Amino acid sequence: MYFEQILRRDIGCAAYMVGSTDSGEVAVIDPRIDMVDEILGLTARDGLRLRYIIETHNHADHVAGHHQLAARTGAAIAIFHAAGVAYPHQALQDGQELALGEVLLRVIHTPGHRPEHVAISVIDRSRGDEPWVVLTGDSLFIGDVARPDLAIPGKEGAEKLFLSLHARLLTLADGTLVYPGHIAGSLCGRVSNRMATSTIGFERSCNPALAIPTVEPFVIYMTSSLPQRPPNMARIVDMNRAANPASPAEPLPLPPSEVRRLAQEGSLVLDTRTPGEFGAGHIPGAISVYPGQGQFQNRVGLTISPDADLILVTSEDTMVASIVQSLSVIGFNRVTGYLAGDMRRWELAGYDTEILPQISVRALQQEREQAPGLQVLDVREPGEWTAGHIEGAIHIPFYRVAANAGTLDRKRPLAVICGSGVRSSLAASLLQRAGFTDLRNVTGGMGAWTAAGLPTVQAGDQAGTRSEAITR
């Protein structure tokens with residue numbers, strides 16, 4: 001059997017190439033649009049022929065690469081018959097088997113995450129008649145299961161997912177290898193494990209979601225504390241269903257005058273430099289979205305409209321292509337261009353800049369002691385906040401800051417903090433765009449705060465702290 005796992009840890013995606021080393025035929029399961037060249041490189045390297053491109057479901061978190069692979073190889077796209085797609089495809093049925101030499105791929109309908117979702121069990125007949133591997137897509141993860149609320153109401157999805165897990169996947173032998181569609185970093189579940197494989201037996205014993213024996217408590221568990229749903233998810237599903245989805249255009253290098261004109265006409269400037277570089281001087285109204293610490297696509301998807309026309313600012317022009325590709329993975333194809341020659345060109349042109357002061361955690365503590373009017377805004381996730389935060393801080397997750405800016409006092413200074421200084425730079429830039437002027441970003445974030453031995457409290461420990469009743 002031929003088997004290859006292809007990982008993208010940015011938003012926790014996994015694709016698979018499975019087939020026969022004897023016949024040279026393979027299928028690829030759940031390829032992302034930015035995996036196409038890598039997959040073609042593997043087929044060329046190993047002398048393989050791509051026969052099937054299988055989608056376990058219509059993905060909501062990333063743009064799939066089935067169109068590009070089919071166009072370049074002639075392979076058939078296969079997806080469950082109820083997927084409602086507009087492109088030519090082989091409609092899969094529950095229990096159907098696809099033969100690749102001595103290897104069989106068996107379709108297991110596993111609704112819950114989405115109604116059309118399937119898992120694929122893999123049988124190597126040269127070794128035996130039972131599944132050796134199961135590719136679980138967005139149903140069973142490592143230490144977690146998929147969220148049930150992306151296509152249908154969460155309660156209905158959770159009920160279907162419970163049956164899919166217990167009546168379909170958990171009937172497989174304990175030794176069956178589990179390879180999921182997502183690992184840590186994905187918004188398709190609460191998965192936090194960076195491990196990329198497990199077994200049915202280990203998950204049966206150690207997965208908290210599988211330890212719940214009946215439907216009702218499982219539904220409650222699965223519909224509580226889910227990750228925020230990015231507003232671009234519906235658009236990504238539509239792109240993945242479409243017959244001819246739009247491809248990103250090549251962004252143009254733009255002089256400062258053209259960037260200024262487009263920004264004045266409504267284009268949004270995404271500044272992808274470090275928070276420190278952004279803080280030292282940026283185009284007025286720009287949003288700080290640094291890609292250097294992972295989760296870049298999730299931060300963009302949670303805070304930026306997919307309808308926005310975008311202009312990029314980078315540290316180097318050579319970074320533009322990779323950023324455009326990262327944006328295309330989440331369906332952001334409207335990148336008009338980029339500031340050629342970085343911010344130095346803008347400054348040499350004599351145009352206005354804004355600054356976002358950067359302060360250390362020691363400076364923040366000193367200012368809190370000397371300036372009682374200082375507001376501290378913590379923009380981390382609820383679980384991070386609950387585990388420990390600065391006494392008296394206000395909690396609004398970064399993706400809700402723009403909608404809840406009105407709950408903050410514009411007349412008082414405001415320090416924004418996250419775990420490292422990246423999400424807080426994004427949140428502060430959103431506030432700056434909304435008209436806040438007395439802002440500072442805390443470098444190093446709560447990681448630096450706790451490392452410095454500065455005090456924290458847990459949720460409910462003290463008066464004066466509030467976690468906003470915020471617009472969702």
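The values are calculated or read from the model by the stated rules, or taken from the named source; none is laboratory data. No experiment lies behind these values; they were computed from the predicted model shown. Cβ sites come from the backbone with ideal geometry, for glycine too, and all protein chains shown count toward neighbours.
Checking 319, 343 one by one, the residue that is farther than 19 Å from residue 416 by Cβ and in contact with a Gly (Cβ under 7 Å, 6 or more places away or on another chain) is 343 and no other.
I'd like to check something: does the stretch 191-199 contain any residue that is more than 20 Å from the chain's Cα centre (by Cα), more than 22 Å from residue 16 (Cβ to Cβ), hydroxyl-bearing (Ser, Thr, Tyr) and not assigned by TED's automatic domain parsing to the domain that holds residue 396? Scanning the stretch 191-199, I find no residue that is more than 20 Å from the chain's Cα centre (by Cα), more than 22 Å from residue 16 (Cβ to Cβ), hydroxyl-bearing (Ser, Thr, Tyr) and not assigned by TED's automatic domain parsing to the domain that holds residue 396, so the answer is no. For the stretch 149-165, the set of residues classified as closer than 21 Å to residue 234 by Cα and in contact with a strand residue (DSSP E or B) (Cβ under 8 Å, 6 or more places away or on another chain) consists of 161 only.
Scanning the stretch 249-277 for residues that are in a loop (DSSP other than H, G, I, E, B) and either more than 18 Å from residue 307 (Cα to Cα) or of a type outside the set (A, V, I, L, M) (or both) returns 250, 251, 255, 265, 266, 267, 272, 273, 274.
If the condition is being within 25 Å of residue 381 (Cα to Cα) and polar (S, T, N, Q), then the stretch 271-317 contributes 272, 274, 288, 293, 295, 297, 298, 303, 305. Only one entry of 239, 222 meets the criterion of being in contact with a Pro (Cβ under 9 Å, 6 or more places away or on another chain), within 30 Å of residue 88 (Cα to Cα) and at pLDDT 95 or above, and that entry is 239. Restricted to the stretch 293-309, and to residues there that are farther than 19 Å from residue 401 by Cβ and out of contact with any strand residue (DSSP E or B) (no Cβ under 8 Å at 6 or more places or on another chain), the residue that is surrounded by the fewest Cβ atoms within 10 Å (Cβ to Cβ) is 307. Residue 1 - would you say it is at pLDDT 95 or above, closer than 26 Å to residue 91 by Cβ, surrounded by fewer than 21 Cβ atoms within 10 Å (Cβ to Cβ) and out of contact with any helix residue (DSSP H, G or I) (no Cβ under 6 Å at 6 or more places or on another chain)? Taking the combined requirement at face value, the residue satisfies it. Report yes if residue 444 is at pLDDT 95 or above and within 28 Å of the chain's Cα centre (by Cα), otherwise no. It is true that residue 444 is at pLDDT 95 or above and within 28 Å of the chain's Cα centre (by Cα). The C-beta contact set for the stretch 153-169 (first residue acidic (Asp, Glu), second residue in a helix (DSSP H, G or I), distance under 7 angstrom, 6+ apart or interchain) comprises 159/215; 159/219. Residues of the stretch 137-152 that are β-branched (Val, Ile, Thr) and either in contact with an Asp or Glu (Cβ under 8 Å, 6 or more places away or on another chain) or in contact (Cβ under 8 Å) with a residue 60 or more places away in the chain (or both): 142, 145.
For the stretch 105-125, the count of residues that are of a type in the set (Asp, Glu) and closer than 18 Å to residue 16 by Cα is at least one. As a summary of the residue check, residue 109 satisfies the conditions (1) closer than 29 Å to residue 327 by Cβ; (2) surrounded by fewer than 20 Cβ atoms within 10 Å (Cβ to Cβ) except for the one numbered (1).
Within the stretch 76-92, not a single residue is farther than 24 Å from residue 233 by Cα and β-branched (Val, Ile, Thr).
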